[in-house]
Amino acid sequence: MSRIRLLIVDDHPIVRNGLSAAFGAEPDIEVVGEAANGLEAVRLAAEVEVDVALMDLRMPELDGVQAIRRLREQSPRVRVLVLTTFDTDSDVLPAIEAGATGYLLKDAPPEELLKAVRAASRGESVLAPTVAGRLIGQVRKPARGALSKRELEVLTLVAGGATNREAARRLFISEASIKTHLLHIYAKLDVRDRAAAVGEAYRRGLL
């Protein structure tokens, strides 16, 4: 029986070591490499045969989503299984769109991770329940509203580092109005805070 060749990608050594020990103990899985960031993962996948890459998302050098895209181009036979602590729309959707086979959270029990790696090696999609719920919600929800001219003005100032008070002064409106605009922006971009709103706006090409 051929063994599943697994590449573990995470910027935390303790996480990598723990995962490597857990998977290395399985008779049908062989850990062929460990990478601390997306760049290392892409390089390793070009050097050794990999069936499944277990990929964190938020890493230095090259994040998980960018690494997934590069792997899809360079090593299309590699199945990428995301393993992260984040399950917001701004994390889940780009990873799936980039080509991830599955998406699990780090609080998943070990037996679930093992099943997921085996399923991913067969080309099957594996999603954490909360992630599946988010994707279903995206399909069912109506198209998000476009930001108004004023909301874009507010978001542009926030992206530039302006506080609510500074934004209010520059737009000649009250701080309460700025807060209201921000709440509308969060709802339309499906995010929860200023930083996420700015990041999502850049991702969509709004800024």
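The values are calculated or read from the model by the stated rules, or taken from the named source; none is laboratory data. This one's a predicted model, so the numbers in the text were calculated from it and none came from an experiment. Here the Cβ is made from the backbone with ideal geometry for all residues, glycine too, and neighbour counts use every protein chain on show. The accessibility values were calculated without ligands, DNA or RNA, using every heavy atom of the protein model including side chains. Shrake-Rupley method; radii C 1.70, N 1.55, O 1.52, S 1.80 Å.
Some points to look at:
- Flag: Asp11 matches the condition of being touching a Pro at 6+ places or on another chain (Cβ under 8 Å) and closer than 23 Å to Leu127 by Cα.
- Taken together, the residues in segment 28-59 that are charged (D, E, K, R), open to solvent by less than 70 Å² (accessible area, probe 1.4 Å) and under 17 Å from the mean Cα position of the chain (by Cα) amount to 1.
- Residue in segment 124-138 that is modelled with pLDDT of 90 or more and exposed (fewer than 14 other Cβ atoms within 10 Å of the Cβ) present: yes
- For segment 164-207, taking the residues that are of a type in the set (D, E, K, R) and touching a residue at least 60 places away in the same chain (Cβ under 8 Å), the one that is surrounded by the fewest Cβ atoms within 10 Å (Cβ to Cβ) is identified as Arg192.
- For segment 26-73, a residue qualifies if it is β-branched (Val, Ile, Thr) and more than 23 Å from Leu93 (Cα to Cα), and the qualifying residues are Ile29, Val31, Val32, Val48, Val50.
- Consider segment 79-116 and keep the residues that are assigned to a loop (DSSP other than H, G, I, E, B) and crowded, with 19+ Cβ neighbours inside 10 Å. The one that is nearest to the chain's Cα centre (by Cα) is Ala100.
- Considering residues of segment 60-76 that are open to solvent by less than 20 Å² (accessible area, probe 1.4 Å) and not in a helix (DSSP H, G or I) only, the residue farthest from Ala35 (Cα to Cα): Ser75
- Qualifying residue in segment 23-43 (condition: without any contact (Cβ under 8 Å) to a residue 24 or more places away in the chain, outside any loop (DSSP other than H, G, I, E, B), touching a strand residue (DSSP E or B) at 6+ places or on another chain (Cβ under 9 Å) and on the phi < 0 side of the Ramachandran plot): yes
- One residue alone among Ser20, Ser2 is open to solvent by 50 Å² or more (accessible area, probe 1.4 Å) and of a type in the set (S, T, N, Q), and that residue is Ser2.
- Residue count, segment 152-163 (criterion: surrounded by fewer than 16 Cβ atoms within 10 Å (Cβ to Cβ) and outside any helix (DSSP H, G or I)): 3
- Condition met for Ser125 (in contact (Cβ under 8 Å) with a residue 24 or more places away in the chain and among the small types (Gly, Ala, Ser)): yes
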